[in-house]
Amino acid sequence: MRAAELDRAGPAASGPLHLVDRAPLHPGPGEVLIEVGACGVCRTDLQLAEGDLALRRQPIVPGHQVVGQVVAAGPGAAHPVGRRVGVTWLAGTCGRCRFCTSERENLCPEARFTGWDRDGGFAEAMVADGSFAFPVPDGVADTDIAPLLCGGVVGHRALRLTGLSAGQRLGLYGFGASATVVIQLALHCDLEVHVATRDAAEQDRARELGAASAAGYDEPPPAPLDAAITFAPVGSVVVAALRAVDRGGTVVVNAIHLDEIPAFDYDLLWLERSIRSVANVTRRDAMELLVLAEQIPLVTHHRDYPLDDANRALADLSAGRVSGAAVLVPTPDRRGR
């Protein structure tokens, strides 16, 4: 089995991944062996490869936006052989803590993560806990589903945390791959969407996708927002979103890391405005989004790479050469399934 391993961090341009031949994998109790059809390349993978996120295992196979077919199942596994499944960042939890028992398993202190704690999908095959793998809809290609399984799922969670209902106004601050999914979800929920991004091409794309307005970060929307989601890892953008929301509005920060949030007047937070973050995802988030992916249906834009070019995919992502999402296709014969 071929896999792209990371044993030491380094600049993406230096090729930190090493393609190796590994021994065949075998699923244990409750586990499934997945032949990987597609695996999205996420900025978290890039952070891991470049050392911004410390390695927990050495070597590790990155990749946590995985779609593939179950080819073997251990005793008690949740999925039969032949089923197509998806795997996300969340690879396992304790199931016992106060977070796990209150539908907040994304906050479990003992949570384990795909491509960080256990080997992920930059490979021809991987083993996953069957309870943390999800059936994917028929009729949607592996390469179209894979980009949804991180930024898309986190974006779905962020949208749900806004608490908005039909007819209300939502701001999206930043317009990359995750926001491209969120605008489709928001319009499906009959929300009025306003986009803020400094890139003129992204502003045009937001309007094409149905945004009521698209402008720069410092330009106020046409009317006060009921909520906003920020995607850019820049603290000043959070303040810009807070300035744009109406009284009682919420700003949801959809970013793993932020630079320092600059000081701002308390008046921006006054009148029951709030700021909250999104951390990881739950299984519920993933299952809900996969249903919506077929219902809407969600459209993803991706650039595909063979497994041999995993380093090139990371380098292109790092250099901003990827429009949409980068996706590895380890088993080309499964493309389009």
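Overview of values
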read-out	value
Count - residues of the stretch 37-47 that are in contact with a strand residue (DSSP E or B) (Cβ under 7 Å, 6 or more places away or on another chain) and either more than 17 Å from His302 (Cα to Cα) or without any contact (Cβ under 8 Å) to a residue 24 or more places away in the chain (or both)	0
Selection within the stretch 11-67 - among the small types (Gly, Ala, Ser) and either on the phi > 0 side of the Ramachandran plot or in contact with a Phe, Trp or Tyr (Cβ under 7 Å, 6 or more places away or on another chain) (or both)	Gly15, Gly30, Gly51, Gly63
Exclusive hit being touching a strand residue (DSSP E or B) at 6+ places or on another chain (Cβ under 9 Å) and at pLDDT 95 or above, set Ala232, Ala215	Ala215
Test: residue in the stretch 317-331 that is of a type in the set (Lys, Arg), out of contact with any Pro (no Cβ under 6 Å at 6 or more places or on another chain), assigned by TED's automatic domain parsing to the domain that holds Ala91 and without any contact (Cβ under 8 Å) to a residue 12 or more places away in the chain	yes
Cross-chain or 6+ apart pairs with Cβ under 9 Å, the stretch 72-83 first and under 10 Å from Ala133 (Cβ atoms), then hydroxyl-bearing (Ser, Thr, Tyr) and modelled with pLDDT of 95 or more	Ala77/Ser131; Ala78/Ser131
Test result for Asp265, loosely packed, with under 14 Cβ neighbours inside 10 Å and out of contact with any strand residue (DSSP E or B) (no Cβ under 8 Å at 6 or more places or on another chain)	yes
Top-ranked residue in the stretch 285-337 [being surrounded by fewer than 19 Cβ atoms within 10 Å (Cβ to Cβ) and of a type in the set (Ser, Thr, Tyr); ranked as nearest to Thr44 (Cα to Cα)]	Ser318
Any chance Asp204 is over 20 Å from the mean Cα position of the chain (by Cα), in a loop (DSSP other than H, G, I, E, B), of a type in the set (Asp, Glu) and modelled with pLDDT of 95 or more	no
Residue identified as among the acidic types (Asp, Glu) and under 24 Å from Thr143 (Cα atoms) among Glu50, Glu110, Glu31	Glu31
Search result, residues across the stretch 245-263 that are more than 17 Å from the chain's Cα centre (by Cα) and either modelled with pLDDT under 85 or of a type outside the set (Gly, Ala, Ser) (or both)	Val245, Asp246, Arg247, Thr250, Val251, Asp259, Glu260, Ile261, Pro262
Matching residues, the stretch 229-243, being under 16 Å from Thr44 (Cα atoms) and in contact (Cβ under 8 Å) with a residue 40 or more places away in the chain	Phe231, Ala232
Count of the stretch 287-326 residues which are among the basic types (Lys, Arg) and assigned to a loop (DSSP other than H, G, I, E, B)	1
Test: residue in the stretch 211-222 that is under 19 Å from the mean Cα position of the chain (by Cα) and surrounded by fewer than 24 Cβ atoms within 10 Å (Cβ to Cβ)	no
Where a residue in the stretch 244-259 is in a strand (DSSP E or B) and its partner, wherever it lies, is among the aliphatic types (A, V, I, L, M) and surrounded by fewer than 16 Cβ atoms within 10 Å (Cβ to Cβ), with Cβ under 6 Å and at least six apart	Arg247/Leu271
Some residue of the stretch 165-177 being at pLDDT 95 or above, surrounded by fewer than 22 Cβ atoms within 10 Å (Cβ to Cβ), closer than 24 Å to Val85 by Cβ and assigned by TED's automatic domain parsing to the domain that holds Val252	no
Any strands (runs of 3 or more DSSP E) falling wholly within the stretch 133-198 and containing at least 1 residues that are closer than 26 Å to Thr331 by Cβ and not charged (D, E, K, R)	133-135
Qualifying position, being among the hydrophobic types (A, V, I, L, M, F, W, C), modelled with pLDDT of 95 or more, farther than 21 Å from Leu6 by Cα and in a loop (DSSP other than H, G, I, E, B), among Ala77, Ala72	Ala77
Residues of the stretch 260-286 classified as assigned to a loop (DSSP other than H, G, I, E, B) and either among the β-branched types (Val, Ile, Thr) or without any contact (Cβ under 8 Å) to a residue 60 or more places away in the chain (or both), total	14
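The values are calculated or read from the model by the stated rules, or taken from the named source; none is laboratory data. Predicted model, so just to flag it, every value in this text is computed and none were measured. Every residue, glycine among them, receives a Cβ derived from its backbone with ideal geometry; neighbour counts consider all protein chains shown.
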